[in-house]
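Worksheet for the structure shown next.
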There are 2 protein chains.
Amino acid sequence: MKANKTLCLYNDSMSNIFYSLNSINTILAKAKPSKGCIVTSATLADKLAWAIKEISSADIEIIIVPDGEQAKEWNELEKLLAAFSRSGLDRTSTVIALGGGTIGDLVGFAASIYLRGIRYIQIPTTLLAQVDSSHGGKTGINFHGYKNQVGVFGMPFATIIDIRFIRYLSAEQIADGIGEIIKAGLIKDKSILSILKKETLASLPSSPQLLTLIKKSIKVKLSYTEKDFKDASVRQLLNAGHTIGHAIELKYKISHGRAVTLGLIQELAFTESLGLTGSSVRINLVKLLEHLRIKTDTTMKADWSAIMHDKKVGGSKILFPVIMKEGKSKIVDIDLNTLKEFVGKA
Amino acid sequence: MKANKTLCLYNDSMSNIFYSLNSINTILAKAKPSKGCIVTSATLADKLAWAIKEISSADIEIIIVPDGEQAKEWNELEKLLAAFSRSGLDRTSTVIALGGGTIGDLVGFAASIYLRGIRYIQIPTTLLAQVDSSHGGKTGINFHGYKNQVGVFGMPFATIIDIRFIRYLSAEQIADGIGEIIKAGLIKDKSILSILKKETLASLPSSPQLLTLIKKSIKVKLSYTEKDFKDASVRQLLNAGHTIGHAIELKYKISHGRAVTLGLIQELAFTESLGLTGSSVRINLVKLLEHLRIKTDTTMKADWSAIMHDKKVGGSKILFPVIMKEGKSKIVDIDLNTLKEFVGKA
């Protein structure tokens, strides 16, 4: 018997990423949609009215979804699909997601299942979504209290990064994005950390280095997602900081990037204790965060039960992303009990 | 700019199709699921208790969904996903769909979006599902009154055809399956029609030719779905009889295969009127149906509005599957008005 192999070669490359809203015309000329619509929140439709105008001078329909995690709910998915149907979207239509990661995740999923999949374009408006969630094709919603329980791997037709959106973000939202940028630096590209050393939380939004940082972070992400689209092997390196970070995020309801930052510090301490990471990595990270003026509350600890639920697969081992030194990482098969002991003591 | 190409090579081949329930052991030895469950209806769980026993001597969980089209509703999808979650299915779990096309479509879709996709096995119990819907990876549900509006292309890990299920079917259900078998014969493999000529509706369930007919029909289907997984070109030949047939099915609430049979007769009359098909094809088809003792109510007509809604894409042309002679077909770009005129007069 031959196994039912699914070999998917997704062109998840930098060539589908654009760095100005103007490029929407080039993209739509290629997609030739019969119809289009923009999905965004009421807050963003108001704040980013100029962007909507740049995206479409014509009468494009705007579909409103809630802000934040509230968008990623089952009933919102139903409402959005019903809106697609009411708007008469067909197989050759294109949907544009304008918003942060939650809107991107919801819209990407809805577009991927409407008529068994229509095209969608990601226009991420937060730093976190620009460097992380809008790339790699993971889409989905939360379900009955669990994060990203339902979704698909579905690539956007194109992604547009426009750094003009960054000026609308709060310091908290900038710090949120920096968490994932630092992670990219630690696991693969230490030049990211060198650039960050010359910035602060306040300087970054208007820094001439901002676009470079974004591009480098995306490159790190794509280097893994292109090799491992369905998240079965090397892609798990992108989960550095997330095993503990996710559990902290759930417990203290803090933002994703903040939680990843805390997760990185604690996971580095863990792999340090196993002799897999030199202690300078963690010390340098704490220094960098101080320099950036990103506060880290080290009293926040993960609950073991939350880590276990997040793990999603059985067995007594866990595939753990280990950072050996800045810019170098690998997956190590670690005994669950070792991690449990560390979390219990932390 | 390079287009965002999705090149998917799905191993949608006969090698993943098995012809006895016993093969479940081989399949599960390959899938090595952490957990498994069987999804079926209460009626089938009762009637096919012997099959469930053969599938699993161990304590496998059984999840019950409604019979018929009622299974393909949004709230049933939610209930099924919640059941997966409650059962603690993880990424390495496998779900078994035991039932007709509606259960297969629902379960295939749910499995394809749970945790962004887990493995599922199709065990179709109707002739129609055995020859048609369980192959080719189309999954999905109806949504707000429209058929198959939401879904994905997601291949089953394996499909098991067991002809012992056929004896539980009514004559109506056998006729339903024959509709798609005849279609396969007309578009690609005329030896199917020769075999059918020696059978009747009553003889088929216990005929020694039954398995051959099923295998030949599957082969026709896969010959198109392997070349055109996402239904963008040659796969549309499988829609022969469906343009008019689907509209009749909706209007008169008759079974799918019955409607396809009527659709084939009327579409042959249409392409005959355009000089694309010789009249003997339609005459022979009517004779074959009489011989099989399958009644056809030729007073049933399609509504133009239903055909238009089903078309799903814009423009003044329609890609129409044309049968030139028995076993030969091609896609022809036909003016919509020509078809409209024919439907109006029919």
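The values are calculated or read from the model by the stated rules, or taken from the named source; none is laboratory data. Small disclaimer: the values here were computed from a predicted structure and weren't measured. No Cβ is skipped: glycine too gets one built from the backbone with ideal geometry, and neighbour counts run over all protein chains shown.
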**Asked** In this structure, does B:Ile160 turn out to be among the aliphatic types (A, V, I, L, M), within 14 Å of chain A (Cβ to nearest Cβ) and either within 20 Å of B:Leu21 (Cβ to Cβ) or touching a residue at least 40 places away in the same chain (Cβ under 8 Å) (or both)?
**Response** yes
**Request:** Can you tell me which residue within the stretch A:29-62, out of those that are within 30 Å of A:Asp231 (Cα to Cα) and assigned to a helix (DSSP H, G or I), is farthest from the other protein chains (Cβ to nearest Cβ)?
**Result:** A:Ala31
**Request:** Evaluate the following for B:Glu69: is it under 20 Å from B:Ser133 (Cβ atoms) and more than 11 Å from chain A (Cβ to nearest Cβ)?
**Result:** yes
**Prompt:** Is it fair to say B:Thr271 is surrounded by 21 or more Cβ atoms within 10 Å (Cβ to Cβ), polar (S, T, N, Q) and in the same structural domain as B:Ile178 (by TED's automatic domain parsing)?
**Reply:** yes
**Item:** Of the criteria (1) at the interface with another protein chain (Cβ under 9 Å from one of its Cβ atoms); (2) part of a loop (DSSP other than H, G, I, E, B), which one A:Asn148 fails
**Value:** (2)
**Request:** Filter the stretch A:293-346 down to the residues that are among the polar types (S, T, N, Q) and in contact with a helix residue (DSSP H, G or I) (Cβ under 6 Å, 6 or more places away or on another chain), then identify the one that is modelled with the highest pLDDT.
**Result:** A:Ser329
**Asked** Could you give every pair whose Cβ atoms fall below 8 Å, whose first residue belongs to the stretch A:70-86 and is at negative phi, and whose second residue is of a type in the set (Phe, Trp, Tyr) and assigned to a helix (DSSP H, G or I), counting only separations of at least 6 or pairs across chains?
**Response** A:Leu77/A:Phe109; A:Glu78/B:Trp74
**Prompt:** Which ones in the stretch B:124-145 are assigned to a helix (DSSP H, G or I) and more than 9 Å from the chain's Cα centre (by Cα)?
**Reply:** B:Leu127
**Prompt:** With B:Asp90, B:Asp105, B:Asp59 as the choices, which residue is more than 24 Å from A:His144 (Cβ to Cβ) and of a type in the set (D, E, K, R)?
**Reply:** B:Asp59
**Asked** Just one of the numbered conditions (1) under 21 Å from B:Ile63 (Cα atoms); (2) within 14 Å of another protein chain (Cβ to nearest Cβ) is not true of B:Pro124; which one?
**Response** (2)
**Request:** Could you tell me whether the stretch A:199-222 includes any residue that is more than 22 Å from A:Ser133 (Cβ to Cβ), within 20 Å of the chain's Cα centre (by Cα) and not hydrophobic (A, V, I, L, M, F, W, C)?
**Result:** no
**Request:** Evaluate the following for B:Ala202: is it crowded, with 19+ Cβ neighbours inside 10 Å, touching a residue at least 24 places away in the same chain (Cβ under 8 Å) and assigned by TED's automatic domain parsing to the domain that holds B:Gly177?
**Result:** no
**Selected residue (criterion: nearest to the chain's Cα centre (by Cα)) from residues of the stretch A:246-255 that are in contact (Cβ under 8 Å) with a residue 24 or more places away in the chain and surrounded by 21 or more Cβ atoms within 10 Å (Cβ to Cβ)** = A:His246
**Item:** Residues of the stretch A:306-346 satisfying the condition of being polar (S, T, N, Q) and either on the phi > 0 side of the Ramachandran plot or within 14 Å of another protein chain (Cβ to nearest Cβ) (or both)
**Value:** A:Ser316
**Prompt:** Among the helices (runs of 4 or more DSSP H) contained in the stretch A:216-306, which hold 2 or more residues that are over 21 Å from A:Leu127 (Cα atoms) and among the small types (Gly, Ala, Ser)?
**Reply:** A:256-273, A:279-292
**Prompt:** Is there a residue in the stretch B:82-93 that is in contact with a Leu (Cβ under 8 Å, 6 or more places away or on another chain) and among the β-branched types (Val, Ile, Thr)?
**Reply:** no
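Conditions tested, residue by residue: (1) touching a helix residue (DSSP H, G or I) at 6+ places or on another chain (Cβ under 6 Å); (2) at pLDDT 95 or above; (3) hydroxyl-bearing (Ser, Thr, Tyr).
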site	(1), (2), (3)
A:Ile55	yes, no, no
A:Asp67	yes, no, no
A:Ile96	no, yes, no
A:Gly99	yes, yes, no
A:Arg119	yes, yes, no
A:Ile141	yes, yes, no
A:Val150	yes, yes, no
**Message:** Tell me yes or no: at least one residue of the stretch B:281-302 is small (Gly, Ala, Ser), without any contact (Cβ under 8 Å) to a residue 60 or more places away in the chain and out of contact with any Gly (no Cβ under 9 Å at 6 or more places or on another chain).
**Reply:** no
**Request:** Output the number of residues of the stretch B:81-101 satisfying the condition of being surrounded by fewer than 24 Cβ atoms within 10 Å (Cβ to Cβ), more than 11 Å from chain A (Cβ to nearest Cβ) and of a type in the set (Val, Ile, Thr).
**Result:** 1
**Asked** Applying the selection to the stretch B:35-68, what residues are surrounded by fewer than 17 Cβ atoms within 10 Å (Cβ to Cβ) and polar (S, T, N, Q)?
**Response** B:Thr43, B:Ser57
**Request:** Answer yes if at least one residue in the stretch A:162-180 is touching a strand residue (DSSP E or B) at 6+ places or on another chain (Cβ under 9 Å) and among the aromatic types (Phe, Trp, Tyr), and no otherwise.
**Result:** yes
**Prompt:** Does A:Glu78 qualify as being within 11 Å of chain B (Cβ to nearest Cβ), among the acidic types (Asp, Glu) and over 30 Å from A:Ser206 (Cβ atoms)?
**Reply:** yes
